[in-house]
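These notes concern the structure reproduced below.
The values are calculated or read from the model by the stated rules, or taken from the named source; none is laboratory data. Worth saying up front: this structure is predicted, and the values here are computed from it rather than measured. Glycine also receives a Cβ, built like all others from the backbone with ideal geometry; neighbour counts cover every protein chain displayed. All accessible areas refer to the heavy atoms of the entire protein, side chains included, with ligands and DNA or RNA removed. Shrake-Rupley method; radii C 1.70, N 1.55, O 1.52, S 1.80 Å.
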Amino acid sequence: MTALFWGIVLRDLRLALRHGADTLGAVLFFIVTATLFPLALGPSPELLRHMAPGILWVCALLAALLPLDRLFGAELEDGSLDQLLLLGLPPALVALAKMTAHWLTTGVPLLLAAVPLATMLGLPATTLPVLLGGLFLGSVVLSLIGGMGASIVLGARRGGVLLPLLTLPLVTPALIFGAAAIDAATTGLPFMPDLELLGAFVAGALPLCPLAAGAGLRAAAE
């Protein structure tokens with residue numbers, strides 16, 4: 001069962017490396033959007049430093065949403081979703097494997113791109129570990145909740161429009177905690193409570209989101 005799980009993950013990684021449009025699009029969106037904020041806010045370093053946590057988190061959230069529409073849609077269109085569900089894995093584990101691949105192909109590149117963008121926005125170097133720790137946990141939450149939402153709207157008319165409406169309210173608490181942790185680290189306040197809340201969010205989403213996503217996949221396949 002473990003081999004089947006990682007086989008699905010590796011299959012999605014190979015497809016992402018072969019095509020790369022979704023990953024490249026998400027990273028470019030993240031970089032371009034975060035780069036445009038200084039043009040809109042002005043050249044004030046203090047203002048950019050104050051706004052940087054929210055800018056980075058909002059841009060990362062929106063960038064992570066871009067590939068979700070195709071997370072299960074491609075398999076549904078070409079019929080391979082039925083084959084995945086017939087491999088012998090529970091639907092929840094199939095969904096978790098797809099979410100893991102989404103995080104590896106989207107969350108990890110966003111983490112790497114966040115460091116130079118944070119420096120550009122004026123965040124102190126001492127806050128970078130907090131930024132990366134928060135984005136690590138937050139990107140896992142985004143992949144789990146986003147995958148759950150993608151499975152629920154799978155096969156629905158205008159599912160691409162419904163997906164952000166379903167996902168954004170659920171991931172907003174993660175955005176708040178993540179931005180608050182960076183802001184606290186910047187001002188010298190304790191930041192661990194916010195990261196611990198993000199960790200609790202991950203601990204709650206990890207068992208629940210794949211179960212809900214598995215039910216969505218089962219319904220779509222039927």
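Remarks
- Identity of the residue in the stretch 63-95, touching a Ser or Thr at 6+ places or on another chain (Cβ under 7 Å) and within 30 Å of Gly122 (Cβ to Cβ), that ends up modelled with the lowest pLDDT: Pro67
- Some residue of the stretch 81-102 being assigned to a helix (DSSP H, G or I), over 22 Å from the mean Cα position of the chain (by Cα) and of a type in the set (D, E, K, R): yes
- Within the stretch 204-221, none of the residues are closer than 29 Å to Phe37 by Cα, open to solvent by less than 40 Å² (accessible area, probe 1.4 Å) and over 12 Å from the mean Cα position of the chain (by Cα).
- Qualifying residue in the stretch 156-177 (condition: more than 22 Å from Arg49 (Cα to Cα), open to solvent by 30 Å² or more (accessible area, probe 1.4 Å), modelled with pLDDT under 90 and among the small types (Gly, Ala, Ser)): yes
- Among the candidates Gly133, Gly138, Gly160, Gly178, the residue that is touching a residue at least 60 places away in the same chain (Cβ under 8 Å) and over 15 Å from Trp57 (Cα atoms) is uniquely Gly160.
- Index of the failed condition, Gly122 passing every other in (1) closer than 28 Å to Ile31 by Cβ; (2) part of a helix (DSSP H, G or I): (2)
- Residue check for Pro53: open to solvent by less than 30 Å² (accessible area, probe 1.4 Å), under 23 Å from Ala181 (Cβ atoms) and either touching an Asp or Glu at 6+ places or on another chain (Cβ under 6 Å) or of a type in the set (D, E, K, R) (or both): yes
- Residue tally, condition under 25 Å from Leu84 (Cβ atoms) and aromatic (Phe, Trp, Tyr), over the stretch 4-34: 2
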